[in-house]
Structures are given as structure tokens and as C-alpha cells.
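Asker: Please read through the structure below; I'll follow up with questions.
The values are calculated or read from the model by the stated rules, or taken from the named source; none is laboratory data. Keep in mind it's a predicted model, so treat the numbers as computed, not measured. Every residue, glycine as well, gets a Cβ built from its backbone with ideal geometry; the counts of neighbours run over all protein chains shown. Only protein heavy atoms, including side chains, enter the accessible area calculation; ligands, DNA and RNA are left aside. Shrake-Rupley method; radii C 1.70, N 1.55, O 1.52, S 1.80 Å.
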Amino acid sequence: MQDVGYIRNTVILGHGKSGKTTLAEALLYTSGRTSRLGKVDDGSSTMDFEPEETRRNMSLSASCNHLSWQKHEIFFTDTPGDDNFINETRFAVQVADSAVLTFGAAAGGWGNGEKMVDFVLERHLPCLLCLTRMDRERADYAAALEAIRATFPLNPVSLFLPIGAEEQFRGVVDLVSGMAWYFQEDGSGKVKGGPVPEELTGEVQAQRDRLMEYVAETDDDLIEKFLEEGKLSDEELRRGLRRAVLAGRITPVVPCASLSNRGSSLVLDAMVQFLPAPSDRPAWLGVNPASGEAVERQPNAEAPFSAQVFKTMADPFAGRLTIFRVISGSLTGDSFYNSSKETAERFGHFFLLEGKEQKPADTLLPGMVAAVAKLKETGTGDTLCVENAKIRYDALEPIPASIAYAVRAASGDDEKLFAAISRMLDEDLTLKLVREPQTHEVLITGTGKMHLDVVSERLKRKFNAEMALTVPKVPYRETIRGKARVQGRHKKQSGGRGQFGDCWIEMEPLPRGGGFEFVDKIVGGVIPQQYRPAVEKGIIEAMEKGVLAGFPVVDMRVYLVDGSYHTVDSSEMAFKVAGSLAFKKAVVESNPVLLEPVMTMTIRVPQDCVGDVMGDLNSRRGKVLGMDSHDRLEVITAQVPQAEILLYGPDLTSITAGRGSYAAAFSHYDEVPKHLVDKIIAAVGAES
Ligand SMILES: Nc1nc2c(ncn2[C@@H]2O[C@H](COP(=O)(O)OP(=O)(O)OP(=O)(O)O)[C@@H](O)[C@H]2O)c(=O)[nH]1
Ligand SMILES: [Mg+2]
């Protein structure tokens with residue numbers, strides 16, 4: 001059995017297009033796991049294997065693999081950088097022991113890199129920073145490093161000094177050993193030793209001294225030795241570095257250019273040397289599902305088995321594939337207990353994931369990522385354990401959806417479409433179907449338009465079902481501002497028995513949210529008791545379609561005050577009609593107005609975007625309620641009419657270059673300003 005100390009579990013994350021997948025491909029190839037260097041751009045990537053990914057040349061979902069390097073087994077997950085698929089990234093971060101953070105080496109243009117840094121910091125993950133795309137024009141290692149140091153609380157410390165820049169990036173000087181390494185020209189990703197270029201010797205000495213001092217400062221014993229002797233041995237430096245990284249005090253930095261496979265072996269070495277084994281991490285905290293008491297698991301092989309599911313994939317033929325990370329203990333056999341669903345689950349085999357391939361395995365240890373097929377109850381976020389040592393870990397909440405479209409089947413076969421979508425809900429927790437009772441539309445929610453486009457393509461490929469999306473209707477309502485007293489009289493005489501109902505009602509507004517009240521004030525039986533509820537029924541039916549644009553009417557009180565009846569011709573039906581006639585007349589006479597839903601929004605944006613976001617909110621009729629600083633972000637709270645933010649997500653992304661996010665929840669109904677009422681009424685007229 002493998003020693004857990006030789007396992008690494010890490011997540012590769014970084015801003016969009018920072019070269020995560022290309023780095024993963026280079027690591028796989030250099031370690032010998034793959035026989036050719038996969039490329040994102042020509043669709044030959046092992047990690048981006050979904051047709052939707054190869055079509056776009058980008059990662060859309062978390063993809064797992066593992067490789068061997070210097071007797072270590074490194075399990076890693078390559079994650080999407082785009083905000084549309086950020087849930088995949090968050091769930092993968094949740095179960096990782098460490099992070100490999102990628103930033104492009106040309107300073108700036110880091111898009112949502114800040115969000116990725118926050119994920120790492122929130123989970124206190126020891127982290128290795130790769131400055132990627134070193135071979136590109138304008139790549140400037142020192143400048144990028146300085147910018148990151150100034151912006152993020154990562155304490156980045158370079159392990160290397162690059163030799164050559166851009167296309168001429170040929171090798172590095174290792175600041176720990178002082179040796180120079182040149183990249184092999186055969187694209188193998190490995191390095192060979194060589195002389196330190198003379199023009200760099202001064203800089204190497206200066207940076208090496210700084211590195212030593214920096215590391216010494218993180219450790220009492222080392223600082224003593226350093227102050228006494230003025231230096232540390234290579235071994236002390238390496239051990240000090242490892243300790244400081246594991247404690248999250250510094251982030252070692254490695255340069256690389258993965259597309260031409262330069263620097264991969266350095267990244268692999270650093271992963272083995274400086275990132276934690278599962279057993280180097282603190283105990284994982286959970287609760288005993290029976291008692292609710294806090295319990296913990298040491299991440300070693302001797303503890304009882306526990307694992308957490310971080311991804312589920314829906315396959316039309318193979319069924320559901322559940323992907324989990326082992327947290328403690330070892331797993332053999334064919335069953336485990338799901339403590340989130342409180343049920344035992346059986347399976348055939350478990351597999352290790354190698355991109356899209358799955359390889360059977362017989363024992364799982366802490367840090368390993370594995371998959372099982374066809375579980376019945378298990379979903380993403382669930383805890384798996386043994387029945388005699390139950391534990392449940394916190395499941396991560398998916399970030400709320402930021403966009404909703406009305407969805408129908410393009411073919412008209414809604415039943416087939418919704419059955420297919422509900423199978424996709426398993427693998428994608430931001431995806432939700434919501435029935436909107438007032439507009440009778442079914443809404444599908446997601447993180448952005450691109451997210452829903454990808455869902456649409458997957459539905460077509462996997463289940464041959466096609467969605468038709470439209471911008472959802474706004475559930476407007478109508479109400480009154482004034483009072484009225486009117487008569488509703490229904491009289492019909494045609495041949496035999498006639499119909500007669502006659503009522504007088506008074507109508508007055510109720511405060512917003514007051515709904516509807518009906519008060520029976522008839523005295524002396526001018527309308528007999530059995531017909532009075534019929535008047536109310538007639539009103540309630542008529543309330544469904546208002547007089548302005550046919551939206552439901554709300555927030556008023558109706559008094560039934562007078563009326564008359566006929567001993568033969570009166571009936572419940574006749575009074576119902578009278579009630580509805582009276583209602584319509586009363587609304588017309590009570591100054592009817594249109595109401596629109598207003599949402600409370602919480603918008604998180606970097607400080608330098610606040611002005612633009614505020615300006616944009618202003619143009620959307622938004623009212624800013626307050627602003628608060630959280631870490632490096634400003635949190636704006638505002639109320640904005642729903643009609644103005646139906647497609648806010650993509651707009652916020654373009655205003656903030658992907659660095660903003662928001663959540664919106666219904667707050668209240670408010671009057672539509674006069675100048676917009678006619679437009680809305682005209683739009684409804686055009687539709688019907
Ligand atoms: N010149 C050069 N181009 C690179 C390098 N690494 C990646 N690229 C290119 O940059 C683009 C993005 O690379 P990916 O590896 O897909 O980046 P990613 O971070 O996985 O992107 P997402 O998954 O979409 O967030 C592709 O066109 C790559 O070919 C590199 O080292 N040098
Ligand atoms: Mg990628």
C-alpha cells in the first residue's frame with residue numbers, strides 16, 4: 001500500500017485563459033502519463049475533452065487526472081477560469097489540499113484572478129503560483145510578480161530567476177541551490193544543468209540572499225541561525241520553505257511556458273517538494289449526523305473512511321458518475337454509507353479518472369480522487385463514510401444563479417425536454433427550473449448566458465432535446481390609488497327564466513402587499529346571505545385580469561354595501577357576474593396604476609469599478625441603499641426594478657471585466673413611473 005506522505009492532491013485554478021489546461025497537459029506529458037503533448041487549441045487536450053470544450057477551446061468543467069513524479073502520486077483537478085462555470089472550480093477547491101494558481105506572466109489582464117485568489121485564501125490552501133505563458137510577447141516575470149505582490153496577500157517568493165525572456169526564455173537559475181537549469185530542446189519538459197549566465201550572477205546572489213532572509217523570518221530557529229551565520233544551508237532553506245508554504249505564510253513562484261513545454265519539470269518538483277501531503281493538512285471537521293456533535297477526521301489511512309463528492313456527471317448511457325475525494329481512511333469493497341442522505345450505497349467498482357478515461361483501482365487512500373457509477377441517491381456535496389463511524393462534512397452552497405430565461409422545447413415536446421433537464425440538474429447545481437405562477441412560464445436559471453448555451457448544447461448531444469430560450473416576462477401587477485362606489489348589475493331576460501344580480505360595492509386601496517380583503521356590510525338582507533359569497537367569487541375571478549394591461553390586480557379592499565335581488569331570477573351565477581362587473585367598473589374609477597417587482601441586489605465589485613457600476617445602476621432606475629467594504633471588494637446594496645436587470649449578469653461581467661458578481665432577491669412591488677406605463681401596455685398588446 002502506498003504511503004499517504006507520497007500523495008499530493010491539488011487543484012489548478014486561475015483567471016480565464018491563464019494556461020491552466022495547457023500546464024496540466026505539459027505536466028502529464030513530462031511525467032510520462034501521456035505520450036504526446038495535448039493542446040487546447042487543436043482539440044487534442046486530455047483534460048478539455050468534452051465536445052463543448054473543444055469547440056470553444058476552453059474548459060467548461062472540472063477535469064481530473066493523476067501522474068507519478070519522483071515516487072509521488074499527484075492527483076489534480078484542472079478547473080474552468082470563466083465565471084460562467086465557477087461553481088465547478090469552487091467545488092474542486094473545497095476538497096483540495098493545495099492549489100496551483102496560474103497567472104499570465106504579462107502583468108495585467110488578469111480578469112477574475114482576484115476571485116481565484118480569494119478561493120485559495122478562504123480555504124487556507126498552501127499554494128504554488130505559476131507565472132505562465134513566459135514565452136509570449138510582453139511577458140515580464142519581475143513586473144508580474146511585483147504586481148501580484150502589491151495586489152494580493154499571498155506573499156509570493158520566487159524560487160527561480162528566468163534566463164532569457166519571451167521567445168528567448170531558455171532556462172532558470174534555481175535560487176535555492178544557485179544552479180542554472182536549461183530547458184531540453186526536445187520538448188520533453190525536462191531540464192539540464194549549465195552555467196549561470198555571467199550577467200545574472202549579481203542578481204542571483206541578491207535574490208538568493210533575500211529568499212534566505214525571507215524564509216528565515218518565518219521560523220524562530222532559522223532566524224537565529226541566519227543571524228549568527230549569515231546564511232542557511234540548501235537543506236535548511238528547502239525545509240524552511242516547505243514549512244512556510246504549508247503554514248500559508250509564503251507562496252513559492254515558478255515561471256513556465258507550457259505550450260512549448262518549458263518549465264514543467266520545475267513545477268512538478270515544486271509540487272512534490274513544497275505542497276502538502278494529505279496527512280500534512282489539519283484534521284477535517286464535520287458533524288456526527290445522529291447527534292449533531294462536532295467530529296473530526298485525521299487525513300491518514302488509519303482513520304475511518306470518509307470522502308466528499310465534488311462533482312456528478314450525467315451520462316445518457318452509463319448513468320450517473322459520482323466523483324469524490326477521499327479525506328480519511330482507505331476504501332476497498334463495493335459499498336459505503338452516504339451520511340448526507342442517510343442511506344447505504346452499493347456500486348460495482350471504483351475508478352481513477354484520467355481525463356475522460358476511467359481506470360479501475362482496488363484501494364483508495366486519502367488524497368485520491370475516484371469515481372463510481374450508478375449510485376442511486378448520492379449528489380454533489382454529499383459525504384461518504386462507513387456506517388460505524390459516521391461523519392458529515394459541510395456541503396458547499398452553489399453560488400446563486402444570476403440569469404434566468406423562459407424555456408420551452410424547440411420541438412414542442414416539453415415533457416421530453418424537462419425530463420432531460422432534470423437529469424442535468426444532478427451535475428449542475430446552479431441550474432434550476434422554476435415555474436413562475438403569474439406568467440405561467442418555466443424559467444431556467446444559470447450563471448450566465450454562456451452557461452445556458454453550454455447546457456443547451458449538452459442537452460442536445462446527450463439527450464437529443466433542444467431548448468428554446470426567451471427573455472422572461474416581468475410579472476407586473478395592477479392596483480388602484482383612489483376610491484370608488486359603483487353598481488354592478490346583471491339582468492338578462494331571454495325566454496323562460498331570467499338572470500338577475502345587483503350589487504353596490506365600495507373600493508379602496510390597501511397598503512402594498514395588503515392583497516385583497518372583502519367586507520360584507522349588507523344589512524337587512526337586501527342581498528340574501530346565499531348570494532353574497534358569489535359576489536366575492538366574481539370579484540376574485542375578475543382580479544386575475546386587470547383593466548390596464550390584463551395583469552393581476554392586488555392591494556385593495558372591497559365593501560359589499562348594497563344591492564337588490566329577484567325571488568325567481570336571482571342565482572349565484574347572476575351575482576357572480578354582477579360582482580365582476582362592479583369590480584371592473586370600480587377599478588376604472590379608482591385611478592388604476594401599474595406595479596412592477598423591485599429586487600434587492602447585492603453587488604460585489606472591485607473598488608476601481610464602483611463608479612461605473614453605480615452609473616449603470618442609475619441608468620437602470622436603481623436606488624443605492626448602501627455600500628460596504630469587504631476585503632478588497634466593495635459591496636453595493638441597491639434596489640432595482642426587475643425589468644431593468646433581466647440580463648444583468650452579462651452586463652456586470654463586461655463592466656467589471658469579469659471581476660464583479662451579484663445576487664438579487666425579490667423585495668417588493670412598486671409603481672411603474674408614468675412615462676413607462678404606455679410602453680408596457682403597448683408591448684402586452686403587441687404580444688396578444
Ligand atoms: N504562447 C503560449 N501560449 C499559451 C501558453 N499556455 C497557454 N497558452 C495559450 O493560451 C490559451 C489559453 O490556454 P488554456 O490552457 O486553455 O488556458 P486555461 O487557463 O485552461 O483557460 P480556461 O480553462 O478557458 O480558463 C490557449 O490558446 C493556449 O494555447 C504558453 O505557455 N505559451
Ligand atoms: Mg482550461
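Asker: To the nearest 10 degrees, how steep is helix 201-216 against the longest Cα principal axis of the chain, on a 0 to 90 scale?
Answerer: 60
Asker: Sticking with this structure for a sec: To the nearest Å, what is the center-to-center distance of the stretch 179-247 and the stretch 351-392, using C-alpha atoms only?
Answerer: Answer, in whole Å: 39.
Asker: How many angstrom lie between the C-alpha centres of the stretch 557-583 and the stretch 512-550?
Answerer: That distance is 9 Å.
Asker: To continue, here is another question. Order the peptides 489-497, 611-619, 377-385, 151-159 from the highest to the lowest mean number of other Cβ atoms within 10 Å of their residues. Before the final figure, lay out each step's value.
Answerer: Working: 489-497: 11.3, 611-619: 14.8, 377-385: 22.2, 151-159: 18.4.
For the peptides 489-497, 611-619, 377-385, 151-159, the packing ranking is 377-385, 151-159, 611-619, 489-497.
Asker: So, with +1 on the Cβ of K and R and -1 on the Cβ of D and E, and no other charges, what is the size of the charge dipole of the chain about its Cα centre, to the nearest 20 debye? Show your work: numbers first, answer last.
Answerer: Working: 78 positive and 96 negative charges, 505 e Å.
My answer is approximately 2420 debye.
Asker: Applying the Karplus parametrisation 6.51 cos²θ - 1.76 cosθ + 1.60 with θ = phi - 60° to the phi angles of the stretch 655-664, what ³J(HN,Hα) value in whole Hz is obtained for each residue in order, glycine and proline being reported as x?
Answerer: Each residue of the stretch 655-664 in turn: 5, 9, 6, x, 9, x, 8, 8, 9, 9 Hz.
Asker: On to the next question. Using only helices, what value at 222 nm comes out for the chain when you add -39,500 (n - 2.57) per DSSP H run of length 4 or more and divide by the total residues, to the nearest 500 deg cm²/dmol?
Answerer: Numbers: 16 runs with 189 residues, N = 688.
My calculation for the chain gives -8500 deg cm²/dmol from helical runs alone.
Asker: In what sequence, highest mean first, do 219-226, 677-684 appear when ranked by Cβ atoms within 10 angstrom?
Answerer: Numbers: 219-226: 15.5, 677-684: 13.8.
Highest-to-lowest ranking by the protection proxy: 219-226, 677-684.
Asker: Need one number: % antiparallel among DSSP beta bridges in the chain, to the nearest 5. All intermediate terms of the calculation are to be shown ahead of the outcome.
Answerer: Values: 116 of 145 bridges.
The antiparallel proportion sits near 80 percent.
Asker: Taking the 0 to 90 degree range and rounding to the nearest ten, how far is the long axis of helix 264-274 tilted relative to the main principal axis of the chain, both from C-alpha atoms?
Answerer: 90
Asker: Given the peptides 480-487, 601-608, 47-54, arrange them by the average over their residues of other C-beta atoms within 10 Å, most packed first. Write down the numbers at each step before the final one.
Answerer: Numbers: 480-487: 16.4, 601-608: 18.1, 47-54: 19.6.
Highest to lowest by the protection proxy: 47-54, 601-608, 480-487.
Asker: Around ARG620, with a cut-off of 15 angstrom between Cβ atoms, what is the net charge of the other residues, counting Lys and Arg +1 and Asp and Glu -1? Numbers along the way, then the final one.
Answerer: Working: positive: ARG621, LYS623; negative: GLU596, ASP612, ASP616, GLU644, ASP651, ASP670.
Within the 15 Å Cβ shell, the charges total -4.
Asker: Still on this structure: Relative to the longest principal Cα axis of the chain, at what angle does helix 449-463 sit, 0 to 90 degrees, rounded to 10?
Answerer: 90
Asker: Can you find, among VAL455, VAL547, VAL519, the residue farthest towards the positive end of the dipole of the stretch 450-590? Put +1 on the C-beta of Lys and Arg, -1 on that of Asp and Glu.
Answerer: It is VAL455.
Asker: When the accessible area of the chain is computed with all protein chains present and a 1.4 Å probe, what percentage of it is carbon and sulfur? Could you put the intermediate results ahead of the total?
Answerer: On the way: 14730 of 29870 Å².
C and S atoms contribute 49 percent here.
Asker: Could you give the accessible area per residue of the stretch 284-385, probe 1.4 Å, as a whole number in Å²? List each step's numbers first, then the result.
Answerer: Numbers: 4180 Å² over 102 residues.
On a per-residue basis, the stretch 284-385 sits at 41 Å².
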